[in-house]
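The values are calculated or read from the model by the stated rules, or taken from the named source; none is laboratory data. Bear in mind the structure is a predicted one, so any value in this text is a computation, not a measurement. Positions of Cβ are backbone-derived with ideal geometry, glycine not excepted, and every protein chain shown enters the neighbour counts.
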């Protein structure tokens, strides 16, 4: 993995004029892990940590402090502009290895000196629950190699797809290539490729193309309604936009 060599400072708690407490109340005591995509490599190989800063200059200070102070950091970067909540994100990338929990605690120790913060909490991926930043919790929640990351993400996607289809006795299997097999008792299987899933408005705006209203398309849509349940289904080009309340899914036909 290619990245710039960092210079290890003798004391990462102080650098270029920063002193203990200089960032007090400027950095949120809650950070996220694996919520954002890596820019340095594949997500299964890189852990992405995100901190929130109240203002731009503290975000820059934190980014530079991390990048220049820790040799194990692959990259430190920040959001290009002010986010919707008025804050700035600082992203830290680490190689996904068994050393990540200890590396995160070492980071927090240094950042804690700047912020006068000793208690840190984290969220993992899209889990809304907060966890104390301890070696045990970090080890329990972060996949520490690419195989565990891939299997963990597959389990999360499978749960999300299963929760989406809540209107009938459908059995669902999702593989690592995003191929969904729907099984309905006494009705056989339907195979499709999962393209996207999430908030309806966002998914709808991302699904570009003309609505298909030809006889074949209407027949396929009717078939899906009978097989999957009473969902709002629209065929757009060769894809099907399926709505369930405020959530939506896009699939592409494989075998019916």
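Being within 17 Å of residue 107 (Cβ to Cβ), outside the structural domain of residue 105 (by TED's automatic domain parsing) and at pLDDT 55 or above is the requirement here; does residue 14 meet it? No: the conditions fail for residue 14. Restricting attention to the stretch 104-133 and to residues that are assigned to a loop (DSSP other than H, G, I, E, B) and within 24 Å of residue 43 (Cβ to Cβ), the residue that is modelled with the lowest pLDDT turns out to be 126.
Quick check on my filter: what residues within the stretch 17-36 are in contact with a strand residue (DSSP E or B) (Cβ under 7 Å, 6 or more places away or on another chain) and either assigned to a loop (DSSP other than H, G, I, E, B) or at pLDDT below 95 (or both)? First the steps, then the outcome.
Going through the stretch 17-36, the residues in contact with a strand residue (DSSP E or B) (Cβ under 7 Å, 6 or more places away or on another chain) turn out to be 26-36.
Of everything in the stretch 17-36, those that are in contact with a strand residue (DSSP E or B) (Cβ under 7 Å, 6 or more places away or on another chain) and either assigned to a loop (DSSP other than H, G, I, E, B) or at pLDDT below 95 (or both) turn out to be 26, 28, 29, 34, 35, 36.
For the stretch 159-168, the condition holds for no residue, the condition being that it is touching a residue at least 40 places away in the same chain (Cβ under 8 Å) and in a strand (DSSP E or B).
In the set (1) surrounded by fewer than 12 Cβ atoms within 10 Å (Cβ to Cβ); (2) modelled with pLDDT under 95, the condition left unmet by residue 254 is number (1). When the residues of the stretch 53-72 are filtered to those that are under 13 Å from residue 92 (Cα atoms) and out of contact with any strand residue (DSSP E or B) (no Cβ under 6 Å at 6 or more places or on another chain), the one that is surrounded by the fewest Cβ atoms within 10 Å (Cβ to Cβ) is 71.
Residues that are over 17 Å from residue 186 (Cβ atoms) and assigned to a helix (DSSP H, G or I) within the stretch 210-223 comprise 215, 216, 217, 218, 219, 220, 221, 222, listed in sequence order. Touching a helix residue (DSSP H, G or I) at 6+ places or on another chain (Cβ under 6 Å), crowded, with 17+ Cβ neighbours inside 10 Å and without any contact (Cβ under 8 Å) to a residue 40 or more places away in the chain - does that describe any residue in the stretch 103-112? No, that holds for no residue.
Could you identify the single residue in 242, 172, 203 that is in a helix (DSSP H, G or I), within 27 Å of residue 150 (Cα to Cα) and touching a strand residue (DSSP E or B) at 6+ places or on another chain (Cβ under 7 Å)?
Numbers: 242 fails: in a helix (DSSP H, G or I); 172 fails: in a helix (DSSP H, G or I).
Unique residue meeting the criteria: 203.
May I ask you to verify whether residue 101 is over 25 Å from residue 24 (Cβ atoms) and assigned to a helix (DSSP H, G or I)? Walk me through how you get there before you give the answer.
On the way: over 25 Å from residue 24 (Cβ atoms): yes; assigned to a helix (DSSP H, G or I): yes.
In short, yes.
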